[in-house]
DNA sequence: ATAGGTACTGATAATATGAACAGTGCTATT
DNA sequence: AATAGCACTGTTCATATTATCAGTACCTAT
């Protein structure tokens, strides 16, 4: 239903977004024509109809500036639990008790996280993941090679970059001081995939 | 200047907020009158003038639905603007146009950010700030030594760790490949303080 | 070759909306 | 007692804005 936009339609949509970001108001047909360089207001009308038909905006008929953005409009917020601490160095602690929850809106990250983990240790600092950071994790039991994953070995949970070979998996730290961990494929349990990071320098 | 609102004025302001949250459009005088139960559109006009005089909204004259919620009102919810890109390497780009907005809840960071900046360059990688990261910035024109700040030199904006001496300031990169920038105290303008970081590995 | 989508120009009519003015009643302050 | 701000009703007028119709031109798929 929501087919793709043409270049020109995309430009008009961007123009509407800019207007709203700029003034808080949606533009009129005349304003769109002005910004886009149309001689006729109807050119703008045509584009708006196309954008509505393709599901990107909603037009409120007979209302001034009655253009409503639809696609990225629905950010519903969700409280995500911090389910525990995860070692970025030596694996230490298991995923267990919910310490507290943090409001994470849908749409903050491209992939929707399932829960948050507080990072302990410094084995991922070269990947920009520091001690104390919160990482957003999407629950998954599979992962592709190269992704940063939350993995469980025995009863311990750790965050590392995953490298998959034929029959074995390697958990790669991002810190020269640590050694890669090689695990037989059947002993490795993927808990989830790293989909975002939140850092608060003022949280202790 | 921004004196307090009367109960009725507060109600009108809330009504405007709701309208915008609901439909994306500001209400007309007639719609406000309708929602509030006024018999006359002018009652709404009067309230709008009062709200503008007290600094809560901006009225765009002769424009339909030309009601703009001002600073304290507009972004106080959750949507924070990404106001531009900032160089973490060599300063390149100025704070300017709003690209898009991202929903950032109140309690996500200890200090409430005013806006977000997209980081360009790698001069802060040892501080865990990577190219493409969004940094949350609280607007401020003062900062303490040791804080990570967004600073403006001439017309260029950059993010660095601030070190203050007697009469001069030093902007310290977190990357061995870059040199500290020493600036006379009067040529340095602090734009804001780093209060949080958001990274989305899937955003591109 | 015909139909439909895209991408416009140009003009007119209908209506939505803002602005201005003239009032009323209340309350708090000087 | 007078003044000012608040909180409205009611009306009129100018203009901002949408809606619609009539065209032109180009391109693609049937």
With a Förster radius of 60 Å, plug the Cβ-Cβ distance of residue A:153 and residue B:156 into 1/(1 + (r/R0)^6) and report the FRET value to the nearest 0.05. 0.80
Per-copy distances of the residue A:112 label point, shortest first, in nm (7 angstrom along Cα→Cβ): 2.8
Could you check the spin-label model distance between residue B:17 and residue A:164? Points 7 Å from the Cα along Cα→Cβ, value in nm. 4.8
Radius of gyration and Dmax for the range B:104-204's Cα atoms, expressed in Å? 13.5, 44
List the distances, in nm to one decimal, from the label point of residue B:8 to the label points of the same position in every other copy, shortest first, placing each label point 7 Å from Cα along the Cα-to-Cβ direction. 5.1
Assuming 0.36 nm per residue, please report the length gained on full extension of the stretch residue B:203 to residue B:58 beyond their Cα-Cα distance. 48.8 nm
Please work out the ratio of the alpha-carbon Rg of the range A:146-204 to 2.2 N^0.38 Å and round it to two decimals. 1.25
FRET efficiency for residue B:179 and residue B:39, using Cβ-Cβ distance with R0 set to 45 Å, rounded to 0.05: 0.05
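Just subtract the alpha-carbon distance of residue A:131 and residue A:46 from 0.36 nm times their residue separation and send over the number in nm, one decimal. Write out the running numbers ahead of the final one.
Values: separation 85, 0.36 × 85 = 30.60 nm, distance 5.33 nm.
Gain on extension, residue A:131 to residue A:46, equals 25.3 nm.
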For residue B:165, place a label point 7 Å from Cα along the Cα-to-Cβ direction in every copy; what are the distances to the other copies, in nm, shortest first? 5.3
Could you compute how fast the range A:118-168 diffuses translationally, taking Rh as the Kirkwood radius over C-alpha pairs and applying Stokes-Einstein at 25 °C with viscosity 0.890 mPa s? Give it in µm² per second. 205
Based only on other Cβ atoms within 10 Å, what is the fewest-to-most ordering of A:124, B:25? B:25, A:124
Taking alpha-carbon centroids only, the range B:1-73 lies from the range A:155-204 a number of Å equal to 52
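Here, each number is a calculation from the coordinates, and none is a lab measurement. Quantities reported herein were computed from a predicted structural model and do not represent experimental measurements. Quick reminder, even Gly has a Cβ in these numbers, built from the backbone with ideal geometry, and neighbours come from all protein chains shown.
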